[in-house]
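To start, the structure itself, in C-alpha coordinates.
The values are calculated or read from the model by the stated rules, or taken from the named source; none is laboratory data. Computed from a predicted model, the values in this text were never measured in an experiment. Cβ atoms come from the backbone with ideal geometry, glycine included; neighbour counts cover every protein chain shown. We work out accessible area using only protein heavy atoms, side chains counted, and drop any ligands, DNA or RNA first. Shrake-Rupley method; radii C 1.70, N 1.55, O 1.52, S 1.80 Å.
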Amino acid sequence: MEIAAAVRSGAADPVELAEDAIGRIEERNPEINAVIATCFDVALDSARNVDRDAPFAGVPFVVKDCRVRLAGVPETWGSKLLAGAVPDEDSELAKRYRAAGFVILGVTNMPEMGKMATTEPAAYGPTHNPYDLGKSSGGSSGGTAAAVASGMVPIGHGNDGGGSIRVPSAACGLFGLKPSRGRVTGHPAPTMMSYPMGIDHVLTRSVRDSAHVLDLTAGPVPGDPYEISSPTASWLSSLETETGPLRIGVAGRSIEGPAFDPMCAEALERAAGCLEGIGHHVEVADLPVEPGVMVTMGALMATAAKVMIDDRLAELGRGLQDDDIEPFTRYMYDLGAGFDGADVIRGLQAAELIGRRAATYFSRFDVFLSPTTRTVVPELGVYDTSNVEELLPIAGTLASETSVFNVGGQPAASVPMGYDEAGVPLGVQVAAPFGREDLVLAVSRQLEEAAPWSTAAMWPARPSSSS
(Lines give C-alpha, C1' and ligand atoms only; values in the text may rest on other atoms or scores of the structure.)
Protein backbone atom coordinates (compact mmCIF):
# COMPACT_ATOMS: atom_id res chain seq x y z
CA MET A 1 0.00 0.00 0.00
CA GLU A 2 2.91 2.38 0.67
CA ILE A 3 4.36 1.66 -2.79
CA ALA A 4 1.00 2.37 -4.44
CA ALA A 5 0.62 5.59 -2.43
CA ALA A 6 4.01 6.70 -3.73
CA VAL A 7 2.85 6.01 -7.30
CA ARG A 8 -0.36 8.00 -6.78
CA SER A 9 1.56 10.95 -5.34
CA GLY A 10 4.11 10.90 -8.16
CA ALA A 11 6.99 9.97 -5.84
CA ALA A 12 7.45 6.60 -7.59
CA ASP A 13 7.26 5.64 -11.25
CA PRO A 14 5.55 2.32 -12.17
CA VAL A 15 8.02 1.52 -14.94
CA GLU A 16 10.99 2.07 -12.66
CA LEU A 17 9.34 -0.12 -10.01
CA ALA A 18 8.87 -2.89 -12.57
CA GLU A 19 12.44 -2.55 -13.84
CA ASP A 20 13.79 -2.68 -10.27
CA ALA A 21 11.74 -5.83 -9.54
CA ILE A 22 12.93 -7.45 -12.77
CA GLY A 23 16.49 -6.71 -11.71
CA ARG A 24 15.94 -8.30 -8.31
CA ILE A 25 14.40 -11.41 -9.88
CA GLU A 26 17.34 -11.74 -12.26
CA GLU A 27 19.80 -11.26 -9.39
CA ARG A 28 18.17 -13.39 -6.71
CA ASN A 29 16.23 -16.09 -8.47
CA PRO A 30 19.25 -18.18 -9.50
CA GLU A 31 19.95 -18.75 -5.80
CA ILE A 32 16.33 -19.11 -4.65
CA ASN A 33 14.58 -20.71 -7.67
CA ALA A 34 11.22 -19.15 -6.88
CA VAL A 35 10.21 -17.84 -10.32
CA ILE A 36 9.90 -20.41 -13.11
CA ALA A 37 8.43 -18.29 -15.93
CA THR A 38 8.48 -14.57 -16.63
CA CYS A 39 6.43 -12.10 -18.68
CA PHE A 40 8.66 -9.04 -18.36
CA ASP A 41 7.72 -7.40 -21.66
CA VAL A 42 4.01 -7.61 -20.85
CA ALA A 43 4.74 -6.37 -17.32
CA LEU A 44 6.61 -3.32 -18.56
CA ASP A 45 3.78 -2.54 -20.96
CA SER A 46 1.31 -2.87 -18.07
CA ALA A 47 3.45 -0.55 -15.95
CA ARG A 48 3.46 2.10 -18.69
CA ASN A 49 -0.33 2.00 -18.90
CA VAL A 50 -1.29 1.38 -15.27
CA ASP A 51 -4.06 3.44 -13.71
CA ARG A 52 -2.08 5.51 -11.23
CA ASP A 53 -5.16 5.94 -9.07
CA ALA A 54 -5.65 2.18 -8.63
CA PRO A 55 -5.36 0.89 -5.04
CA PHE A 56 -2.18 -1.09 -5.79
CA ALA A 57 -0.97 0.99 -8.73
CA GLY A 58 2.36 -0.21 -10.07
CA VAL A 59 3.03 -2.78 -7.33
CA PRO A 60 5.14 -5.70 -8.66
CA PHE A 61 3.37 -9.04 -8.29
CA VAL A 62 3.80 -12.74 -9.05
CA VAL A 63 1.29 -15.58 -9.37
CA LYS A 64 1.59 -19.24 -8.45
CA ASP A 65 1.79 -21.78 -11.27
CA CYS A 66 -1.83 -22.92 -10.96
CA ARG A 67 -5.41 -21.66 -11.14
CA VAL A 68 -4.67 -17.97 -11.74
CA ARG A 69 -4.17 -18.16 -15.48
CA LEU A 70 -2.26 -15.55 -17.48
CA ALA A 71 -2.87 -15.24 -21.21
CA GLY A 72 0.16 -16.51 -23.10
CA VAL A 73 2.03 -17.77 -20.00
CA PRO A 74 2.36 -21.55 -19.44
CA GLU A 75 0.39 -23.05 -16.56
CA THR A 76 2.09 -26.33 -15.58
CA TRP A 77 1.14 -27.00 -11.95
CA GLY A 78 4.79 -27.92 -11.37
CA SER A 79 4.48 -30.95 -13.64
CA LYS A 80 6.29 -32.04 -16.77
CA LEU A 81 3.07 -33.69 -17.96
CA LEU A 82 1.25 -30.36 -18.02
CA ALA A 83 4.09 -28.40 -19.64
CA GLY A 84 3.03 -26.74 -22.86
CA ALA A 85 -0.46 -25.88 -21.70
CA VAL A 86 -0.81 -22.14 -22.38
CA PRO A 87 -4.05 -20.28 -21.50
CA ASP A 88 -5.42 -17.98 -24.17
CA GLU A 89 -6.97 -15.53 -21.71
CA ASP A 90 -6.62 -14.32 -18.14
CA SER A 91 -8.66 -15.99 -15.42
CA GLU A 92 -11.10 -13.85 -13.46
CA LEU A 93 -8.76 -13.41 -10.51
CA ALA A 94 -5.90 -12.35 -12.79
CA LYS A 95 -8.22 -9.69 -14.22
CA ARG A 96 -9.03 -8.49 -10.69
CA TYR A 97 -5.35 -8.30 -9.78
CA ARG A 98 -4.63 -6.22 -12.86
CA ALA A 99 -7.63 -3.98 -12.18
CA ALA A 100 -6.28 -3.40 -8.67
CA GLY A 101 -3.11 -2.03 -10.27
CA PHE A 102 -0.72 -4.96 -9.77
CA VAL A 103 1.99 -5.45 -12.40
CA ILE A 104 2.41 -9.20 -12.89
CA LEU A 105 6.01 -10.17 -13.60
CA GLY A 106 5.96 -13.96 -13.62
CA VAL A 107 4.91 -17.34 -12.31
CA THR A 108 6.24 -19.07 -9.20
CA ASN A 109 7.36 -22.60 -8.41
CA MET A 110 5.19 -25.22 -6.69
CA PRO A 111 5.26 -28.97 -5.95
CA GLU A 112 3.82 -31.20 -8.63
CA MET A 113 0.05 -30.62 -8.77
CA GLY A 114 0.20 -29.08 -5.31
CA LYS A 115 0.29 -32.44 -3.55
CA MET A 116 3.06 -31.67 -1.06
CA ALA A 117 3.69 -29.03 1.61
CA THR A 118 7.22 -28.36 0.36
CA THR A 119 8.24 -26.94 -3.02
CA GLU A 120 10.65 -29.41 -4.59
CA PRO A 121 9.22 -30.48 -7.97
CA ALA A 122 11.26 -32.69 -10.27
CA ALA A 123 10.24 -30.50 -13.21
CA TYR A 124 11.84 -27.29 -11.89
CA GLY A 125 13.93 -28.20 -8.86
CA PRO A 126 13.58 -27.05 -5.26
CA THR A 127 12.81 -23.55 -4.08
CA HIS A 128 15.24 -22.50 -1.34
CA ASN A 129 14.23 -20.65 1.81
CA PRO A 130 16.12 -17.31 1.95
CA TYR A 131 16.41 -17.64 5.74
CA ASP A 132 18.41 -20.86 5.22
CA LEU A 133 19.16 -22.05 1.69
CA GLY A 134 19.18 -25.66 2.86
CA LYS A 135 15.63 -25.46 4.21
CA SER A 136 12.23 -25.81 2.59
CA SER A 137 10.20 -22.73 1.72
CA GLY A 138 7.02 -24.69 2.46
CA GLY A 139 4.33 -25.53 -0.02
CA SER A 140 2.51 -25.58 -2.11
CA SER A 141 2.85 -21.78 -2.53
CA GLY A 142 6.54 -22.00 -1.64
CA GLY A 143 7.74 -20.22 -4.76
CA THR A 144 5.65 -17.16 -4.01
CA ALA A 145 6.67 -17.21 -0.34
CA ALA A 146 10.38 -17.26 -1.20
CA ALA A 147 9.96 -14.57 -3.88
CA VAL A 148 8.27 -12.23 -1.39
CA ALA A 149 10.54 -13.06 1.54
CA SER A 150 13.71 -12.52 -0.50
CA GLY A 151 12.45 -9.18 -1.78
CA MET A 152 11.97 -10.01 -5.45
CA VAL A 153 8.43 -8.62 -5.09
CA PRO A 154 6.53 -7.20 -2.11
CA ILE A 155 3.43 -9.42 -2.49
CA GLY A 156 2.26 -12.42 -4.47
CA HIS A 157 -0.55 -14.85 -5.18
CA GLY A 158 -0.99 -18.28 -3.64
CA ASN A 159 -3.73 -20.77 -3.04
CA ASP A 160 -4.49 -23.07 -0.16
CA GLY A 161 -6.08 -26.52 -0.37
CA GLY A 162 -4.62 -27.91 2.86
CA GLY A 163 -2.30 -25.24 4.19
CA SER A 164 -0.60 -24.10 0.99
CA ILE A 165 -0.70 -20.38 1.82
CA ARG A 166 -0.23 -20.73 5.58
CA VAL A 167 2.61 -23.30 5.67
CA PRO A 168 4.96 -21.37 3.32
CA SER A 169 4.03 -18.09 5.03
CA ALA A 170 5.13 -19.62 8.33
CA ALA A 171 8.34 -20.95 6.80
CA CYS A 172 9.28 -17.60 5.25
CA GLY A 173 8.16 -15.11 7.91
CA LEU A 174 5.10 -13.77 6.06
CA PHE A 175 1.43 -13.20 6.78
CA GLY A 176 -0.80 -15.62 4.89
CA LEU A 177 -4.60 -15.67 5.01
CA LYS A 178 -6.77 -18.51 3.72
CA PRO A 179 -10.24 -16.99 3.24
CA SER A 180 -13.52 -18.81 3.83
CA ARG A 181 -14.77 -21.27 1.24
CA GLY A 182 -16.45 -19.37 -1.58
CA ARG A 183 -14.95 -16.00 -0.67
CA VAL A 184 -12.73 -15.70 -3.78
CA THR A 185 -13.80 -17.04 -7.16
CA GLY A 186 -11.69 -19.59 -8.99
CA HIS A 187 -13.42 -18.95 -12.33
CA PRO A 188 -13.03 -20.46 -14.88
CA ALA A 189 -11.46 -23.39 -13.00
CA PRO A 190 -14.11 -25.74 -11.56
CA THR A 191 -14.35 -25.78 -7.77
CA MET A 192 -17.33 -27.68 -6.42
CA MET A 193 -16.18 -31.28 -6.83
CA SER A 194 -12.62 -30.90 -8.11
CA TYR A 195 -11.27 -28.31 -5.68
CA PRO A 196 -13.75 -28.21 -2.80
CA MET A 197 -11.19 -27.37 -0.12
CA GLY A 198 -9.02 -24.81 -1.89
CA ILE A 199 -9.15 -21.03 -2.12
CA ASP A 200 -6.94 -18.31 -3.62
CA HIS A 201 -5.46 -15.24 -1.93
CA VAL A 202 -2.06 -13.61 -1.34
CA LEU A 203 1.08 -13.87 0.77
CA THR A 204 2.14 -10.52 2.23
CA ARG A 205 4.50 -8.84 4.64
CA SER A 206 1.69 -7.07 6.51
CA VAL A 207 -1.85 -7.82 7.64
CA ARG A 208 -3.00 -4.52 6.14
CA ASP A 209 -1.98 -5.44 2.58
CA SER A 210 -3.75 -8.78 2.80
CA ALA A 211 -6.97 -7.21 4.06
CA HIS A 212 -7.01 -4.61 1.30
CA VAL A 213 -6.38 -7.17 -1.45
CA LEU A 214 -9.30 -9.21 -0.14
CA ASP A 215 -11.52 -6.14 -0.36
CA LEU A 216 -10.62 -5.82 -4.03
CA THR A 217 -10.74 -9.46 -5.12
CA ALA A 218 -13.46 -11.17 -3.07
CA GLY A 219 -16.80 -12.06 -4.57
CA PRO A 220 -18.29 -14.62 -6.96
CA VAL A 221 -19.04 -14.63 -10.64
CA PRO A 222 -22.42 -15.87 -11.88
CA GLY A 223 -22.56 -19.64 -11.71
CA ASP A 224 -19.99 -20.13 -8.93
CA PRO A 225 -21.05 -23.17 -6.87
CA TYR A 226 -20.42 -21.43 -3.56
CA GLU A 227 -21.50 -17.92 -2.65
CA ILE A 228 -20.91 -16.38 0.74
CA SER A 229 -22.48 -13.29 2.30
CA SER A 230 -20.54 -10.09 1.72
CA PRO A 231 -19.14 -8.29 4.77
CA THR A 232 -20.96 -5.28 6.18
CA ALA A 233 -17.73 -3.25 6.21
CA SER A 234 -14.38 -3.45 4.45
CA TRP A 235 -11.79 -5.87 5.76
CA LEU A 236 -9.30 -3.03 5.79
CA SER A 237 -11.52 -1.13 8.22
CA SER A 238 -11.85 -4.24 10.39
CA LEU A 239 -8.21 -3.77 11.39
CA GLU A 240 -9.18 -0.61 13.22
CA THR A 241 -12.42 -1.95 14.74
CA GLU A 242 -12.39 -2.53 18.49
CA THR A 243 -13.07 -6.20 19.06
CA GLY A 244 -13.48 -6.08 22.81
CA PRO A 245 -12.38 -9.08 24.86
CA LEU A 246 -12.57 -12.26 22.79
CA ARG A 247 -12.78 -15.89 23.87
CA ILE A 248 -9.65 -17.50 22.44
CA GLY A 249 -9.12 -21.25 22.51
CA VAL A 250 -5.51 -22.42 22.36
CA ALA A 251 -4.46 -25.84 21.07
CA GLY A 252 -2.99 -28.09 23.73
CA ARG A 253 -2.14 -30.86 21.28
CA SER A 254 -1.66 -31.44 17.58
CA ILE A 255 -4.89 -31.80 15.62
CA GLU A 256 -3.57 -34.97 14.01
CA GLY A 257 -0.13 -36.23 14.98
CA PRO A 258 2.48 -36.24 17.75
CA ALA A 259 3.05 -33.38 20.17
CA PHE A 260 4.22 -29.99 18.96
CA ASP A 261 7.93 -29.40 18.54
CA PRO A 262 9.04 -27.40 21.62
CA MET A 263 9.93 -24.35 19.50
CA CYS A 264 6.51 -24.40 17.82
CA ALA A 265 4.89 -24.71 21.22
CA GLU A 266 6.92 -21.74 22.50
CA ALA A 267 5.75 -19.64 19.54
CA LEU A 268 2.15 -20.53 20.41
CA GLU A 269 2.73 -19.56 24.05
CA ARG A 270 4.15 -16.20 22.98
CA ALA A 271 1.12 -15.46 20.82
CA ALA A 272 -1.32 -16.56 23.54
CA GLY A 273 0.53 -14.41 26.06
CA CYS A 274 0.32 -11.38 23.78
CA LEU A 275 -3.43 -11.79 23.34
CA GLU A 276 -4.01 -12.38 27.03
CA GLY A 277 -2.00 -9.24 27.76
CA ILE A 278 -4.27 -7.27 25.43
CA GLY A 279 -7.26 -8.36 27.50
CA HIS A 280 -8.63 -11.40 25.69
CA HIS A 281 -9.78 -14.48 27.60
CA VAL A 282 -7.37 -17.28 26.71
CA GLU A 283 -8.03 -20.95 27.51
CA VAL A 284 -6.40 -24.20 26.44
CA ALA A 285 -9.09 -26.02 24.48
CA ASP A 286 -8.60 -28.38 21.55
CA LEU A 287 -10.79 -28.64 18.47
CA PRO A 288 -13.36 -31.46 18.78
CA VAL A 289 -12.12 -33.14 15.62
CA GLU A 290 -11.36 -36.85 15.55
CA PRO A 291 -8.41 -38.25 13.58
CA GLY A 292 -9.19 -38.71 9.92
CA VAL A 293 -8.74 -35.24 8.47
CA MET A 294 -5.66 -36.17 6.47
CA VAL A 295 -7.18 -39.46 5.26
CA THR A 296 -10.26 -37.61 4.01
CA MET A 297 -8.17 -34.94 2.33
CA GLY A 298 -5.91 -37.53 0.76
CA ALA A 299 -8.84 -39.41 -0.74
CA LEU A 300 -10.34 -36.29 -2.31
CA MET A 301 -6.98 -35.01 -3.52
CA ALA A 302 -6.12 -38.38 -5.06
CA THR A 303 -9.39 -38.44 -6.98
CA ALA A 304 -8.82 -34.89 -8.24
CA ALA A 305 -5.28 -35.83 -9.32
CA LYS A 306 -6.59 -38.83 -11.25
CA VAL A 307 -9.07 -36.64 -13.14
CA MET A 308 -6.46 -33.96 -13.90
CA ILE A 309 -3.95 -36.47 -15.24
CA ASP A 310 -6.50 -38.37 -17.31
CA ASP A 311 -7.81 -35.14 -18.82
CA ARG A 312 -4.29 -34.11 -19.82
CA LEU A 313 -3.56 -37.51 -21.34
CA ALA A 314 -6.77 -37.24 -23.35
CA GLU A 315 -5.58 -33.86 -24.68
CA LEU A 316 -2.26 -35.43 -25.67
CA GLY A 317 -3.94 -38.50 -27.13
CA ARG A 318 -1.80 -41.06 -25.34
CA GLY A 319 -1.48 -43.14 -22.20
CA LEU A 320 0.49 -42.45 -19.04
CA GLN A 321 4.25 -43.00 -19.34
CA ASP A 322 6.60 -43.84 -16.48
CA ASP A 323 8.39 -40.49 -16.52
CA ASP A 324 5.30 -38.30 -16.93
CA ILE A 325 4.79 -37.70 -13.21
CA GLU A 326 6.73 -38.11 -9.97
CA PRO A 327 6.46 -41.39 -8.03
CA PHE A 328 4.38 -39.84 -5.24
CA THR A 329 1.99 -38.29 -7.77
CA ARG A 330 1.77 -41.72 -9.42
CA TYR A 331 0.89 -43.18 -6.02
CA MET A 332 -1.89 -40.58 -5.66
CA TYR A 333 -3.07 -41.34 -9.21
CA ASP A 334 -3.26 -45.06 -8.54
CA LEU A 335 -4.99 -44.40 -5.23
CA GLY A 336 -7.60 -42.28 -6.98
CA ALA A 337 -8.06 -44.95 -9.64
CA GLY A 338 -9.11 -47.37 -6.91
CA PHE A 339 -12.03 -45.21 -5.78
CA ASP A 340 -15.52 -45.48 -7.18
CA GLY A 341 -18.38 -42.98 -7.06
CA ALA A 342 -19.53 -44.20 -3.66
CA ASP A 343 -16.03 -43.63 -2.22
CA VAL A 344 -16.02 -40.05 -3.48
CA ILE A 345 -19.43 -39.38 -1.93
CA ARG A 346 -18.28 -40.87 1.37
CA GLY A 347 -15.20 -38.65 1.25
CA LEU A 348 -17.30 -35.55 0.72
CA GLN A 349 -19.65 -36.59 3.51
CA ALA A 350 -16.70 -37.16 5.85
CA ALA A 351 -15.38 -33.70 4.97
CA GLU A 352 -18.75 -32.18 5.79
CA LEU A 353 -18.89 -33.99 9.14
CA ILE A 354 -15.37 -32.82 10.05
CA GLY A 355 -16.35 -29.27 9.14
CA ARG A 356 -19.46 -29.45 11.30
CA ARG A 357 -17.48 -30.68 14.29
CA ALA A 358 -14.95 -27.90 13.86
CA ALA A 359 -17.76 -25.38 13.59
CA THR A 360 -19.21 -26.39 16.98
CA TYR A 361 -15.97 -25.15 18.55
CA PHE A 362 -16.81 -21.61 17.56
CA SER A 363 -20.02 -21.63 19.57
CA ARG A 364 -17.72 -21.57 22.62
CA PHE A 365 -14.78 -19.58 21.28
CA ASP A 366 -14.40 -16.63 18.92
CA VAL A 367 -10.93 -17.60 17.75
CA PHE A 368 -8.74 -20.72 17.69
CA LEU A 369 -4.97 -20.48 18.08
CA SER A 370 -2.42 -23.16 17.20
CA PRO A 371 1.05 -23.49 15.70
CA THR A 372 0.83 -23.24 11.93
CA THR A 373 2.95 -26.38 11.72
CA ARG A 374 3.66 -28.85 14.48
CA THR A 375 7.32 -29.12 13.41
CA VAL A 376 10.01 -26.60 12.51
CA VAL A 377 10.87 -26.06 8.84
CA PRO A 378 12.55 -29.20 7.46
CA GLU A 379 15.66 -29.54 5.35
CA LEU A 380 15.20 -29.81 1.61
CA GLY A 381 15.08 -33.45 0.61
CA VAL A 382 13.30 -34.71 3.70
CA TYR A 383 10.02 -34.94 1.77
CA ASP A 384 11.40 -36.95 -1.13
CA THR A 385 8.61 -37.58 -3.65
CA SER A 386 10.75 -40.19 -5.41
CA ASN A 387 10.73 -42.43 -2.31
CA VAL A 388 7.07 -43.14 -1.67
CA GLU A 389 7.65 -45.76 1.03
CA GLU A 390 9.59 -43.35 3.26
CA LEU A 391 7.44 -40.35 2.36
CA LEU A 392 4.02 -41.77 3.20
CA PRO A 393 4.41 -41.75 7.02
CA ILE A 394 5.39 -38.07 7.02
CA ALA A 395 3.60 -36.73 3.92
CA GLY A 396 0.91 -34.87 5.87
CA THR A 397 3.07 -33.66 8.76
CA LEU A 398 3.45 -30.02 7.70
CA ALA A 399 -0.27 -29.62 7.02
CA SER A 400 -1.55 -31.46 10.08
CA GLU A 401 -2.69 -28.26 11.84
CA THR A 402 -4.01 -26.38 8.81
CA SER A 403 -6.01 -28.91 6.79
CA VAL A 404 -9.02 -29.03 9.09
CA PHE A 405 -9.99 -25.49 8.09
CA ASN A 406 -9.82 -26.39 4.41
CA VAL A 407 -12.16 -29.29 5.08
CA GLY A 408 -14.46 -27.09 7.18
CA GLY A 409 -14.10 -23.98 5.05
CA GLN A 410 -13.37 -21.61 7.94
CA PRO A 411 -10.93 -18.68 7.47
CA ALA A 412 -7.47 -19.07 8.98
CA ALA A 413 -4.14 -17.25 8.76
CA SER A 414 -0.52 -17.78 9.66
CA VAL A 415 1.10 -14.97 11.63
CA PRO A 416 4.92 -14.75 12.05
CA MET A 417 5.90 -15.45 15.64
CA GLY A 418 9.66 -15.60 16.09
CA TYR A 419 12.32 -18.00 14.87
CA ASP A 420 13.66 -21.46 15.56
CA GLU A 421 17.21 -22.18 16.74
CA ALA A 422 18.48 -21.99 13.14
CA GLY A 423 16.94 -18.53 12.65
CA VAL A 424 14.15 -19.82 10.37
CA PRO A 425 10.70 -18.30 10.99
CA LEU A 426 7.89 -19.88 12.97
CA GLY A 427 4.19 -19.22 12.47
CA VAL A 428 1.06 -19.28 14.61
CA GLN A 429 -2.35 -20.00 13.09
CA VAL A 430 -5.39 -17.83 13.83
CA ALA A 431 -8.77 -19.29 12.84
CA ALA A 432 -12.33 -18.05 13.25
CA PRO A 433 -15.92 -19.07 12.36
CA PHE A 434 -17.00 -19.42 8.75
CA GLY A 435 -17.28 -16.02 7.09
CA ARG A 436 -15.44 -14.15 9.85
CA GLU A 437 -12.27 -13.01 8.10
CA ASP A 438 -12.76 -9.79 10.03
CA LEU A 439 -11.95 -11.61 13.28
CA VAL A 440 -8.93 -13.39 11.81
CA LEU A 441 -7.59 -10.11 10.44
CA ALA A 442 -8.30 -8.10 13.59
CA VAL A 443 -6.58 -10.61 15.90
CA SER A 444 -3.69 -10.97 13.46
CA ARG A 445 -3.31 -7.20 13.42
CA GLN A 446 -3.27 -7.16 17.23
CA LEU A 447 -0.48 -9.73 17.21
CA GLU A 448 1.36 -7.69 14.56
CA GLU A 449 1.26 -4.67 16.88
CA ALA A 450 2.09 -6.59 20.06
CA ALA A 451 4.94 -8.66 18.55
CA PRO A 452 6.06 -6.91 15.34
CA TRP A 453 7.91 -8.94 12.74
CA SER A 454 10.43 -7.73 10.21
CA THR A 455 9.03 -6.59 6.87
CA ALA A 456 12.51 -6.19 5.34
CA ALA A 457 13.62 -8.52 2.57
CA MET A 458 15.69 -11.49 3.72
CA TRP A 459 18.65 -10.75 1.47
CA PRO A 460 21.37 -11.74 1.04
CA ALA A 461 20.09 -15.21 1.69
CA ARG A 462 21.69 -17.20 4.51
CA PRO A 463 23.81 -20.22 3.61
CA SER A 464 22.56 -23.64 4.62
CA SER A 465 23.00 -24.23 8.35
CA SER A 466 23.68 -27.91 7.64
CA SER A 467 26.59 -27.29 5.28
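Restricting attention to the range 315-342, which residues are open to solvent by 20 Å² or more (accessible area, probe 1.4 Å), of a type outside the set (Lys, Arg) and part of a helix (DSSP H, G or I)? First the steps, then the outcome.
Within the range 315-342, the first condition is being open to solvent by 20 Å² or more (accessible area, probe 1.4 Å), and the residues that meet it are 315-323, 327, 330-331, 333-335, 337-342.
Now restrict to residues that are of a type outside the set (Lys, Arg): 315-317, 319-323, 327, 331, 333-335, 337-342.
Scanning the range 315-342 gives Glu315, Leu316, Pro327, Tyr331, Tyr333, Asp334, Leu335, Ala337, Gly341, Ala342.
Among the residues that make up the range 379-397, is at least one of them under 26 Å from Tyr226 (Cβ atoms), modelled with pLDDT under 95 and surrounded by fewer than 24 Cβ atoms within 10 Å (Cβ to Cβ)? First the steps, then the outcome.
From the range 379-397, those under 26 Å from Tyr226 (Cβ atoms) are 396; that's our starting set.
Imposing the further condition that a residue be modelled with pLDDT under 95 reduces the set to 396.
Within this subset, residues satisfying the condition of being surrounded by fewer than 24 Cβ atoms within 10 Å (Cβ to Cβ) are 396.
So far as the range 379-397 goes, yes, one or more of its residues are under 26 Å from Tyr226 (Cβ atoms), modelled with pLDDT under 95 and surrounded by fewer than 24 Cβ atoms within 10 Å (Cβ to Cβ).
Listed here are the residues, each with its yes/no results for (1) surrounded by 24 or more Cβ atoms within 10 Å (Cβ to Cβ); (2) of a type in the set (Phe, Trp, Tyr).
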{"position": "Phe405", "(1), (2)": "yes, yes"}
{"position": "Val415", "(1), (2)": "yes, no"}
{"position": "Asp420", "(1), (2)": "no, no"}
{"position": "Ala456", "(1), (2)": "no, no"}
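List every residue pair whose Cβ atoms lie under 6 Å apart, where the two residues are 6 or more positions apart in sequence or sit on different chains, the first residue falls within the range 75-89 and is over 19 Å from Ser140 (Cβ atoms) and among the β-branched types (Val, Ile, Thr), and the second residue, located anywhere, is part of a loop (DSSP other than H, G, I, E, B) and open to solvent by 30 Å² or more (accessible area, probe 1.4 Å).
Val86/Pro74
Looking at Arg436, is it out of contact with any helix residue (DSSP H, G or I) (no Cβ under 8 Å at 6 or more places or on another chain), open to solvent by 30 Å² or more (accessible area, probe 1.4 Å), at pLDDT 95 or above and within 24 Å of Tyr226 (Cβ to Cβ)?
Details: out of contact with any helix residue (DSSP H, G or I) (no Cβ under 8 Å at 6 or more places or on another chain): yes; open to solvent by 30 Å² or more (accessible area, probe 1.4 Å): yes; at pLDDT 95 or above: yes; within 24 Å of Tyr226 (Cβ to Cβ): yes.
Here the answer is yes, as Arg436 does meet what is asked.
Residue-wise test of (1) open to solvent by 10 Å² or more (accessible area, probe 1.4 Å); (2) in contact with a Gly (Cβ under 9 Å, 6 or more places away or on another chain).
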residue: His128; (1), (2): yes, yes
residue: Tyr131; (1), (2): yes, yes
residue: Val167; (1), (2): no, yes
residue: Pro188; (1), (2): yes, no
residue: Thr191; (1), (2): yes, yes
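Name the strands (runs of 3 or more DSSP E) wholly inside the range 160-262 in which the number of residues that are at pLDDT 95 or above and over 22 Å from the mean Cα position of the chain (by Cα) is 2 or more. Step through it out loud before you land on a result.
Working: elements: 175-178, 199-204, 247-250.
The strands (runs of 3 or more DSSP E) meeting that bar are 247-250.
Identify all residues within the range 286-314 that are touching a residue at least 12 places away in the same chain (Cβ under 8 Å), of a type in the set (D, E, K, R) and either over 25 Å from Val430 (Cβ atoms) or open to solvent by less than 30 Å² (accessible area, probe 1.4 Å) (or both); write none if there are none.
Of everything in the range 286-314, those that are touching a residue at least 12 places away in the same chain (Cβ under 8 Å), of a type in the set (D, E, K, R) and either over 25 Å from Val430 (Cβ atoms) or open to solvent by less than 30 Å² (accessible area, probe 1.4 Å) (or both) turn out to be Lys306, Arg312.
Within the range 13-128, considering only strands (runs of 3 or more DSSP E) that don't extend past its boundaries, which have at least 2 residues that are farther than 30 Å from Arg330 by Cβ? Steps first, answer last, please.
Details: elements: 35-38, 60-64, 103-108.
So the answer is 60-64, 103-108.
Go through the range 260-282 and give me each residue that's acidic (Asp, Glu) and without any contact (Cβ under 8 Å) to a residue 60 or more places away in the chain. Step through it out loud before you land on a result.
Going residue by residue through the range 260-282, those that are acidic (Asp, Glu) are 261, 266, 269, 276.
Within the range 260-282, Glu269, Glu276 qualify.
Going through the range 74-95 one residue at a time, which ones are surrounded by 21 or more Cβ atoms within 10 Å (Cβ to Cβ) and among the hydrophobic types (A, V, I, L, M, F, W, C)?
Trp77, Leu81, Leu82, Leu93, Ala94
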